1. If the limit is 26 Å between Cα atoms, which of LYS57/LYS126; LYS126/LYS202; LYS54/LYS202 go over it?
2. Just going by the charge dipole of the stretch 32-103, with Lys and Arg at +1 and Asp and Glu at -1 on Cβ, which of ALA60, GLN33, TYR44 is farthest out on the positive end?
3. Let me check against my output: what whole-number percent is the relative contact order of the chain, with C-alpha pairs under 8 Å and at least 6 apart?
4. Out of all DSSP beta bridges with both ends in the stretch 40-149, state the antiparallel percent to the nearest 5.
5. What ranking do 66-75, 79-88 get when scored by the average of other Cβ atoms within 10 Å per residue, highest first?
6. How big is the dipole moment of the stretch 177-267 about its Cα centre under a simple scheme where the beta carbon of each Lys and Arg is +1, that of each Asp and Glu is -1, and everything else is neutral? Debye, nearest 20, please.
7. Rounded, prolate or oblate: which fits the stretch 96-251 when a ≥ b ≥ c are the square roots of the eigenvalues of the alpha-carbon gyration tensor, with rounded for a/c under 1.5 and prolate only if a/b beats b/c?
8. From the square roots a ≥ b ≥ c of the eigenvalues of the alpha-carbon gyration tensor of the stretch 232-283, which class results: rounded (a/c under 1.5), prolate (a/b over b/c), or oblate?
Amino acid sequence: AAKQLGRNRFAYFSPAMQARAQERRRTSEELRQAIARGELHVHYQPIVEMETGKIVKAEALVRWRHPERGWISPVEFIPLAEETRLIFEIGEWVFRTVVTDSARWILEQGREIQVGVNVSPLQISKGGASFARCMDFLETHALPRHSIIVEITEGSLLQHDRTVEDRLRELGERGLALALDDFGTGYSSLSYLQQYRFEFLKIDRAFVGNMKTGSRQLALCKTIIAMAHTLDMRVISEGIGDADAAELLRHAGCDFGQGFFFHQPMPAEAFEALLRARAAPPALR
Ligand code: C2E
Ligand code: MG
Ligand code: MG
Ligand code: MG
């Protein structure tokens with residue numbers, strides 16, 4: 001039956017659908033070349049310690065600077081990269097970039113900044129060779145393993161297979177830190193927290209935005225923070241947008257925060273300049 005259908009299949013696609021499919025093919029071909037052409041960039045968003053305001057961590061966020069279309073958000077091209085399996089190559093490139101940058105910050109500034117790297121579910125469940133190459137790359141760099149925080153979403157934990165378990169255990173054994181990203185959205189299940197050892201829990205910005213005294217968002221954040229601390233995890237709130245949210249979260253005992261209220265994601269050079277400025281004695285600031 002499939003064979004019969006196959007012959008006339010194209011009749012079911014409207015011209016608009018065909019145009020869209022063609023556009024996707026073109027974009028994935030461009031994405032395939034983007035790495036070699038140096039069009040991908042890693043930006044860093046500072047993460048502050050809530051109690052002191054000091055920059056102690058950062059999150060690495062990939063961007064694509066398309067020659068004609070300008071900056072393209074990962075929200076647009078990561079799903080395409082996953083579909084086309086380009087995610088392995090991109091993920092490896094991001095990982096190497098982060099390791100190289102972090103090692104330089106230690107060498108040049110004596111600053112150990114823990115950097116969060118986003119990793120797609122596919123990178124955990126498949127792509128063993130690319131995973132192994134990332135680990136090898138890390139071995140060749142003088143970087144405390146702990147400097148890298150692997151950020152995974154609950155999507156990575158959905159399939160209960162051995163590969164996922166083995167990979168996460170290996171990351172832990174090698175000394176990398178693990179964070180559960182976007183906590184509270186998606187397929188939140190507390191069983192993941194029982195099963196795996198996360199050092200950090202990142203509260204999704206859906207709970208952090210519009211946070212006011214007495215709001216349900218705040219109540220949820222307080223509950224998540226208390227739970228995380230009981231389980232010996234530290235909490236990073238993402239998407240902190242204003243002073244109120246920052247103050248409420250600090251008061252609720254949130255350990256770390258990131259968001260446009262503090263800093264936008266920025267190129268490595270800008271982040272380095274920021275670190276240098278913050279490290280200067282007060283008189284020079
Ligand atoms: P995420 O890991 O949850 O990253 C946080 C996102 O929130 C980033 O969006 C960041 O720019 C944004 N953000 C931070 N503070 C604020 C704020 O105050 N307000 C608002 N409105 N947004 C804020 P971005 O850079 O567009 O990345 C989106 C998602 O793309 C990430 O969500 C992550 O899931 C994925 N992603 C980014 N880089 C990579 C990567 O290298 N590999 C993979 N696999 N995924 C990536
Ligand atoms: Mg993240
Ligand atoms: Mg997140
Ligand atoms: Mg998020």
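Quick note: the coordinates plus some simple rules give every number you see, no bench work behind them. As the structure is a computational prediction, the values presented were derived from the model and not from experiment. Glycine gets a Cβ as well: all are built from the backbone with ideal geometry, and neighbour counts include every protein chain shown.
1. Violating the 26 Å limit, Cα to Cα: LYS57/LYS126.
2. Positive-end residue among those listed: GLN33.
3. Relative contact order of the chain: 17 percent.
4. Of those bridges, close to 65 percent are antiparallel.
5. So the peptides 66-75, 79-88, ranked by packing, come out 79-88, 66-75.
6. In debye, rounded to 20, the stretch 177-267 gives about 180.
7. Oblate, since a/c reaches 1.5 and b/c is not below a/b.
8. Prolate, since a/c reaches 1.5 and a/b exceeds b/c.
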